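Structure first, then comments.
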Number of protein chains: 2
Amino acid sequence: MADNGSGAAPSGRRKRADARRNEVTLLDAAAAAFVAAGVDVPVRDIAARAGVGVGTIYRHFPTRADLIVAVYRHQVEACAEAGPALLADGGTPHAALARWIDLFVDFLVTKHGLAEALQSDDAAFQSLHAYFIDRLVPVCGQLLDAAAAAGEIRPDIGAYELLRGVGNLCVGAGGNPRYDARRLVELLIAGLRLH
Amino acid sequence: MADNGSGAAPSGRRKRADARRNEVTLLDAAAAAFVAAGVDVPVRDIAARAGVGVGTIYRHFPTRADLIVAVYRHQVEACAEAGPALLADGGTPHAALARWIDLFVDFLVTKHGLAEALQSDDAAFQSLHAYFIDRLVPVCGQLLDAAAAAGEIRPDIGAYELLRGVGNLCVGAGGNPRYDARRLVELLIAGLRLH
DNA sequence: CACGATACGGAACGTTGTTCCGTTTGCCAA
DNA sequence: TTGGCAAACGGAACAACGTTCCGTATCGTG
């Protein structure tokens, strides 16, 4: 899983050494740029930071979304894996759900502009959207099902809808002291509860 | 209030006839363009629709936000005025709040891209943001205070925060059948309730 | 070492928002 | 009525951005 470059190995061909080197350089530069200027940072800035041309970025990451996914893949995986773990941890399913959502919110609000990008219907972000959906909706669904089966929450809400709502609440949550996304998400989860 | 063009009369000077004519043409064209292509429709498209040059738009409406505000001012006013009316209508304050929020949600979800623009931290949308805040936060605060005074809701949530959360939930609510902003807002309001 | 495939750099293109200025036009006074 | 000037207009021009493209450089292999 970590011999070739990028994600899936097309067949058996090994990438050129400079290409593999540039890929990690690019990931580092992008991560730094995202922290410094948000995920909307101009592609040229990332290229400059990495000391490469913009063409190199697009060869490695056909869309901006692919770059974002690559940068955050580890953290998304960690979040996804935390779902079943929380469920098994002993508390009520609703508590597990609340804690998992908290993890998700923490992730989103610390990545400047990521929540915005996630909700954008721009075609360029489609693969970002798809990745988050594919990876996190099943996990959320599992938590939701468990809580519903335990009779703790109303059963008429879908995992996609909830996750998207939570993501939406995190939009613009950076820095503004008058807007605390966490509290609103808490309210939303509270509203899910039966009685 | 309707003798001069635009909003506030600078001093006593009457605008030229063609300028006044162009202003209403522009408002009509913008309204139509917003419906057809969302509030992010390119300025050039609006200009073409109105049969004027882009310069004319910028003279009348220095920023895109000013144009949006002008187009929707009537509806925002109506929403603002509905707040006290609902409160006086006899139901519980919480019911009045819920119905008012519903009005706000209806307004937002039917204006393609408006919710997104509202949350954008782009400097160009600052005056849009400011107008909505100025006009609606006090109304929402009044409803919130009444409900809190009646002991129906937890008192630790601000009007700005709530309105912004609701606005956020409306982002991307157009057309997607798997995402029903209204239901999530309902959940949020339910979560506000004590017990 | 030579040569083909691979990858690179950055110029160039298309799309936007916004500004600027030469030209036109409405309005008022003479 | 007409002359002149401030107001308003149109759209070319600029800047910032994402994305594509292709001539050039480099790697790895025979």
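Structure values in brief
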quantity	calculated
Amide H contacts under 5 Å for residue B:52, placed H, 5+ residues apart	none
Residue of A:173, A:32, A:78 that the Gaussian network model of chain A assigns the largest fluctuation, springs spanning Cα pairs under 10 Å	A:78
Alpha-carbon centroid distance for the pair the range A:88-132 / the range B:81-140, whole angstrom	26 Å
More than 14 angstrom apart: percent of Cα pairs within the range A:122-195	66 percent
In order through the range A:60-73: 3J(HN,Hα) via Karplus (6.51 cos²θ - 1.76 cosθ + 1.60), integer Hz, x for Gly, Pro	6, 10, x, 10, 4, 4, 4, 5, 4, 4, 4, 5, 9, 3
Relative contact order [Cα under 8 Å, 6+ residues apart], the range A:17-60, whole percent	36 percent
Kirkwood-based shape ratio for chain A, expressed as Rg/Rh from alpha carbons	1.03
Alpha-carbon radius of gyration plus Dmax, which is the widest Cα pair, for the protein assembly as shown in Å	23.8, 78
Average accessible area per residue (Å²) across the protein assembly as shown - probe 1.4 Å, nucleic acids and ligands excluded	49 Å²
Accessible area, probe 1.4 Å, largest first, for residues B:46, B:133	B:133, B:46
The range B:17-60: radius of gyration over Cα atoms, expressed as a fraction of 2.2 N^0.38 Å	1.04
Of B:17, B:181, B:82, the one that fluctuates the most in a GNM where chain B has Cα springs shorter than 10 Å	B:17
Using alpha-carbon coordinates, inclination of helix B:93-109 to the longest axis of chain B, degrees	30 degrees
Derived scalar couplings ³J(HN,Hα) [the range B:121-133; Karplus, 6.51 cos²θ - 1.76 cosθ + 1.60; whole Hz; x for Gly, Pro]	8, 4, 4, 5, 9, 4, 6, 5, 3, 4, 5, 4, 4
Rotationally averaged projected area of the range B:47-161 (alpha carbon convex hull; nm²)	8.0 nm²
Shielding of B:183-195 by partner chains, average beta-carbon count, 10 Å	5
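The values are calculated or read from the model by the stated rules, or taken from the named source; none is laboratory data. All values reported here derive from a predicted model rather than from experimental measurement. Positions of Cβ are backbone-derived with ideal geometry, glycine not excepted, and every protein chain shown enters the neighbour counts. Heavy atoms of the whole protein, side chains included, go into the accessibility calculation; ligands, DNA and RNA do not. Shrake-Rupley method; radii C 1.70, N 1.55, O 1.52, S 1.80 Å.
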